[in-house]
Amino acid sequence: MPSRHELEQETGGTVSRRTIKSAIEALQAEGSVQGVQGKGVFVIAVPAHTS
């Protein structure tokens, strides 16, 4: 997935770095992404959508 810096640029700075960091941490806590130091954050699970 894009880096925190890239995500901040994509939002035009309307979303703070702290918010982006918190969102990534939440995704890590639920097991959807995994951070690899020096490499980035990778999607490891995509949640199933329920109707």
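What the table below lists for this structure:
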{"item": "Ranked order, 6, 30 - accessible area, probe 1.4 Å, largest first", "result": "30, 6"}
{"item": "Dipole magnitude of the chain, debye to nearest 20 (Cβ charges: Lys/Arg +1, Asp/Glu -1, about Cα centre)", "result": "140 debye"}
{"item": "Whole-Hz couplings from phi, Karplus 6.51/-1.76/1.60, listed for segment 3-13; x for Gly and Pro", "result": "5, 4, 5, 5, 5, 4, 5, 4, 8, x, x"}
{"item": "Accessible area per residue, Å², the chain with all protein chains present, probe 1.4 Å", "result": "82 Å²"}
{"item": "Choice from 33, 41, 15 showing the highest fluctuation, given a GNM over the chain with Cα pairs closer than 10 Å", "result": "15"}
{"item": "Tilt relative to the chain, helix 17-29 - C-alpha long axis, 0 to 90 degrees, to 10", "result": "10 degrees"}
{"item": "Scaled radius of gyration (Cα, divided by 2.2 N^0.38 Å) that the chain gives", "result": "1.21"}
{"item": "Accessible heavy-atom area order of 4, 17, highest first, probe of 1.4 Å", "result": "17, 4"}
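The values are calculated or read from the model by the stated rules, or taken from the named source; none is laboratory data. Here the structure is a predicted model, which is why all the values come from computation and not from measurement. Cβ coordinates were reconstructed from backbone atoms using ideal geometry, including for glycine residues, and neighbour counts include every protein chain displayed. SASA here: full protein model, heavy atoms, side chains in, ligands and nucleic acids out. Shrake-Rupley method; radii C 1.70, N 1.55, O 1.52, S 1.80 Å.
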